[in-house]
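Only one structure is covered here, and it is reproduced in the block below.
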Amino acid sequence: MKTRILFVCLGNICRSPAAEGILRAMAARRGLSERVEIDSAGTYGGHAGDRPDGRMRRAAALRGYDLAHRARQIREEDFERFDRIVVMDDMNYEAVHRLAPSRELACKIHRFTEFCRRHAECTHVPDPYYEGREGFERVLDLLEDGCEGILEFTMLNS
Ligand code: 4NP
């Protein structure tokens, strides 16, 4: 069975497309590409059609991740299509909740940091947009940690 995972942040040009690229690469390395479908979206649609932010693409490329996504806004149909909707921070968690068509479908919404193990103290993945290089590295550290957790959780529960 295939598990469908949607990552969500604000603009869909930094955090969520990076999570998408990282999880896709991790799944491929373990021969699990056929078991997961991965996508990402933003709660804000102003960057729709854009490639991921150049700073994030460069930082991710140095760790071996190719971010090929084009930004899009989350839509109601995503709640039917995906099994898990994994959100980066509280503001976007609230926004995704407001969009959920029903309480049952809202149960698919998770915070990304629920899956982190090496950063168990973290409650959100901080927005790096107005940060320097360190902000992007910090985000990638968190995303690699949580994506490992998501992959293991997904393999155990599907
Ligand atoms: P993201 O980062 O939510 O991780 O994609 C941001 C991208 C764009 C903006 C804010 C955060 N913005 O204000 O346009």
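Every number in this text was worked out from the coordinates using simple rules, so none of it is lab data. From a predicted model like this one, the values you see are computed outputs, not experimental measurements. Glycine gets a Cβ as well: all are built from the backbone with ideal geometry, and neighbour counts include every protein chain shown.
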Any residue at all in the range 134-141 that's of a type in the set (Gly, Ala, Ser), outside any helix (DSSP H, G or I) and within 23 Å of Gly54 (Cα to Cα)? no
Listed by range, helices (runs of 4 or more DSSP H) wholly within the range 1-108 having at least 2 residues that are touching a residue at least 60 places away in the same chain (Cβ under 8 Å) are 15-29, 54-62, 78-81, 90-99
Counted residues in the range 20-57 being over 16 Å from Val8 (Cβ atoms), within 16 Å of the ligand (Cβ to nearest atom) and exposed (fewer than 13 other Cβ atoms within 10 Å of the Cβ) come to 2
Conditions (1) closer than 17 Å to Arg24 by Cβ; (2) touching a residue at least 12 places away in the same chain (Cβ under 8 Å); (3) more than 12 Å from the chain's Cα centre (by Cα) -> Ile150 fails only (3)
